[in-house]
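Engineer: After the C-alpha cells below, expect a handful of questions from me.
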Amino acid sequence: MTDYPEVFVLRHGQTEWNLAGRHQGRMNSDLTDLGREQARRQGEILQAVVKGRDDLVAMSSPQGRAFDTAALALAPVGLTPIVDDRLCEISFGEWEGLTFDDIATKWPERTMNADKDVFSWHFQAPGGENFDAVRARANAVLESLTRPAIIVTHGITSRVLRGVWLGGDWDEMAALPGGQGCVYHLINGQHHRLD
C-alpha cells in the first residue's frame with residue numbers, strides 16, 4: 001500500500017482515431033459525439049461522489065482530447081484543471097497515427113504476440129517511450145500531490161499511474177482495466193471503478 005492521497009482517474013472520451021483504430025500517442029484527434037457524452041457522464045459520476053468537497057485539485061494532460069474531456073467532466077463540480085505535461089500519453093514513436101494493420105505490415109515481428117500481452121506491446125514502438133519513463137512520470141505526478149486529486153489522462157498513462165498508486169508490479173498493472181466513460185477511484189489502498 002502507498003501513502004499517496006486519494007485520486008480519481010479519468011481517461012479521455014472516445015476520439016476519432018480511437019474509432020478508426022489509430023494509435024494517437026502524442027498526436028491528437030477530436031472527441032467524437034460519444035466521447036463528449038462519455039466525458040459528460042464522468043462529470044455526473046464526479047458530481048455524485050465529490051459534491052460539496054473543497055479539498056480537491058484537478059489536473060489534466062495538455063493533449064486536446066484529455067483537456068476537452070476535463071472541461072466537460074469537471075464543469076459539474078466547478079473545477080478547472082491544472083495542465084501537467086507529465087500526464088500526456090505514452091509516445092508511440094513511429095507507430096503514431098498508424099493502425100494495428102499498418103504496424104503489422106511494417107513490423108510483423110513486433111505484432112506476433114500482441115494479442116497475448118497487450119500492455120507490454122505498447123512499449124515496443126520504435127522511437128517510442130519505454131515503461132520506465134512512463135512509470136517515472138506517473139510517480140512524479142503522484143509524489144507532487146499534497147491533497148486529493150482528479151486526474152484526466154490517457155489509456156496507458158492511466159494504467160501505469162493507477163498501478164504506481166497501488167504499489168503494483170508489471171503484471172498487476174497489465175491486469176488493470178481500461179475503458180472510457182468511467183472514473184477510477186483510488187482510496188485507502190483500494191481501486192474502484194465508478195460508472
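Engineer: Identify all residues within the range 156-191 that are modelled with pLDDT of 95 or more, at negative phi and among the small types (Gly, Ala, Ser); write none if there are none.
Structural biologist: Ser158, Gly163
Engineer: Moving to a separate point now. Could you list, ordered by first residue, the pairs with Cβ atoms under 7 Å in which the first is in the range 114-139 and farther than 17 Å from Arg26 by Cβ and without any contact (Cβ under 8 Å) to a residue 12 or more places away in the chain and the second is part of a loop (DSSP other than H, G, I, E, B) and not hydroxyl-bearing (Ser, Thr, Tyr), at least 6 apart or interchain?
Structural biologist: Trp121/Ala114
Engineer: Would you check which residues across the range 143-195 are surrounded by 13 or more Cβ atoms within 10 Å (Cβ to Cβ), part of a loop (DSSP other than H, G, I, E, B), without any contact (Cβ under 8 Å) to a residue 60 or more places away in the chain and not hydrophobic (A, V, I, L, M, F, W, C) and list them?
Structural biologist: Result: Gly168, single match.
Engineer: Right, here's the next one. Within the set of pairs 6+ apart or on separate chains, which have a first residue in the range 17-35 that is at negative phi and exposed (fewer than 15 other Cβ atoms within 10 Å of the Cβ), a second that is of a type in the set (S, T, N, Q) and not in a loop (DSSP other than H, G, I, E, B), and C-beta atoms under 7 Å apart?
Structural biologist: Asp30/Thr15
Engineer: Filter the range 125-139 down to the residues that are of a type outside the set (Val, Ile, Thr) and either assigned to a helix (DSSP H, G or I) or over 12 Å from His23 (Cβ atoms) (or both) and list them by number.
Structural biologist: The answer is Pro126, Gly127, Glu129, Asn130, Phe131, Asp132, Ala133, Arg135, Ala136, Arg137, Ala138, Asn139.
Engineer: Here's another thing I want to ask about it. Within the bounds of the range 71-85, is there any residue that is exposed (fewer than 14 other Cβ atoms within 10 Å of the Cβ), in contact (Cβ under 8 Å) with a residue 12 or more places away in the chain, in a helix (DSSP H, G or I) and not hydrophobic (A, V, I, L, M, F, W, C)?
Structural biologist: The answer is yes, given that some residue of the range 71-85 is exposed (fewer than 14 other Cβ atoms within 10 Å of the Cβ), in contact (Cβ under 8 Å) with a residue 12 or more places away in the chain, in a helix (DSSP H, G or I) and not hydrophobic (A, V, I, L, M, F, W, C).
Engineer: While we're on this one: Which one of the conditions (1) in contact with a Phe, Trp or Tyr (Cβ under 9 Å, 6 or more places away or on another chain); (2) farther than 25 Å from Asp54 by Cβ; (3) surrounded by fewer than 18 Cβ atoms within 10 Å (Cβ to Cβ) does Trp95 fail to meet, given that it meets all the rest?
Structural biologist: It fails just one condition, (3).
Engineer: So, in the range 40-70, of the ones that are within 17 Å of the chain's Cα centre (by Cα) and free of Cβ contacts under 8 Å to residues at least 40 places away in the same chain, which residue ends up surrounded by the most Cβ atoms within 10 Å (Cβ to Cβ)?
Structural biologist: By that ranking, first place goes to Gly43.
Engineer: Continuing with this model, one more query. Looking at (1) buried (at least 16 other Cβ atoms within 10 Å of the Cβ); (2) at pLDDT 95 or above, find the lone condition where Trp107 falls short.
Structural biologist: The number of the failed condition is (2).
Engineer: If I filter the range 1-20 down to residues being at pLDDT 95 or above and over 26 Å from Gly78 (Cα atoms), which single residue comes out as farthest from the chain's Cα centre (by Cα)?
Structural biologist: This residue is Ala20.
The values are calculated or read from the model by the stated rules, or taken from the named source; none is laboratory data. From a predicted model like this one, the values you see are computed outputs, not experimental measurements. Glycine also receives a Cβ, built like all others from the backbone with ideal geometry; neighbour counts cover every protein chain displayed.
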